[in-house]
Amino acid sequence: MKEKINIFFRRNIFGTQNLIRYFLFNKFFKLLFVNRSCSFKNLPKDGFVKLNRINEKIINKINNEIKNQNIENKNSSFSFNVNDELSKIFQKLINENLKTDLDNLKQVYNFNFIISNIEIKKNYFFEKKNFEYQNVYSENYHEDKYICTQIKQFIYLSDVEKDNGPFSFFKIKDSREFVKKNKLENRFNLNILKTNDNEISSENIFLGKSGDTLIVDTSELLHRAIIPSKGKCRDMLTITYNFTHDKKYNDIWSI
């Protein structure tokens, strides 16, 4: 009975797949800490902010390095090894190329943040009908179950059109409405094989060139990774940031 009540409130009242306590935390945290005059004020409001394209030279350095890695098993997705050379490139990317954007990001809640994870993944086509009730690489509509103090930056390392499997999302308000309308208790309630993308006008499909980038609050945005068409793929760098007020984490590389 308790679980049914919980599901009813999440799905029908709040319009979220996230935990109720996380949902309420996000509401109160933003009420107390959002800097409404900051450059990235749309991040807490809409759940995302689009940045200027990353410098082509540093994107080329990343791509040249991952080309040297042997993709042994061409499954649905491949994670590249973050070796020493890539680590050096990422430090330059964060400390120099993204410095202004990240300074603006700190002003959103007036908190410092640290990098908690960096990964590069290549997504391939796979037959979703064989994995209807499985989550292969976040291809179903979902919200990440954590709070808004953890956000992600997605950077395309290849040109991404619709058939390359772009990142797709709803703004926070539209996410709430979509969850309520479709009764999305979890990521398996809506069969994406039976969903016509053109009929979902509020869905934002992030198409772009190599170097195009978004910062996203995936705890509040309903989102998914669209499956590439046969013979197509998508390379993407994901950087995860965590806001912190702990003074022992004064440096972005503290972790």
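The values are calculated or read from the model by the stated rules, or taken from the named source; none is laboratory data. Since the model is a prediction, treat every value here as computed from it, not as a measurement. Cβ coordinates were reconstructed from backbone atoms using ideal geometry, including for glycine residues, and neighbour counts include every protein chain displayed. We work out accessible area using only protein heavy atoms, side chains counted, and drop any ligands, DNA or RNA first. Shrake-Rupley method; radii C 1.70, N 1.55, O 1.52, S 1.80 Å.
List of remarks:
- For region 106-207, Kirkwood radius (reciprocal of mean inverse C-alpha pair distance, Å): 16.0
- Given charges at beta-carbon only (K, R positive; D, E negative), |dipole| of the chain in Debye: 740
- 1.4 Å probe accessible area per residue over region 176-255, in Å²: 50
- Ligands, DNA and RNA aside, HIS245 has an accessible area near 150 Å² when probed at 1.4 Å.
- Long-range HN-HN contacts of LEU190 with modeled amide H, under 5 Å: none
- Viscosity 1.567 mPa s, temperature 4 °C, Stokes-Einstein D of region 65-124 from Kirkwood C-alpha radius, µm²/s: 94
- Cα lying deepest toward the dipole's positive end in the chain, options ASN55, ASN6, ASN42, charges on Cβ: ASN6
- Here the average projected area of the convex hull drawn through the C-alpha atoms of the chain stands at 14.6 nm².
- Of LYS45/LYS106; LYS30/LYS248; LYS61/LYS122, those spanning more than 19 Å from alpha-carbon to alpha-carbon: LYS30/LYS248
- Region 167-238 - Debye-derived log10 I(q)/I(0), Cα point model, q = 0.15, 0.28 Å⁻¹: -0.57, -1.56
- As a fraction of the 1.4 Å probe accessible area of the chain, surface on carbon and sulfur atoms comes out at 46 percent.
- Accessible area per residue for region 1-93, computed on protein heavy atoms with a 1.4 Å probe, is 66 Å².
- As an equivalent ellipsoid, region 207-255 spans semi-axes of 31, 14, 9 angstrom, where each value is the square root of five times an eigenvalue of the C-alpha gyration tensor, largest first.
- Seen from all directions on average, region 19-80 presents a Cα convex hull projection of 7.6 nm².
- Charged side chains reduced to their Cβ positions (Lys and Arg at +1, Asp and Glu at -1) give region 1-94 a dipole of some 600 debye around its Cα centre.
- Number of Lys pairs (Cα under 23 Å; 8 or more positions apart or on different chains) in region 124-188: 18
- Zero-based 5 Å bins, Cα pair distances in region 1-129, whole percents: 2, 7, 12, 13, 13, 13, 15, 12, 8, 3, 1, 0
- With contributions of -39500 (n - 2.57) from each DSSP H run of at least four residues, the per-residue ellipticity at 222 nm computed over the chain stands at -7500 deg cm²/dmol.
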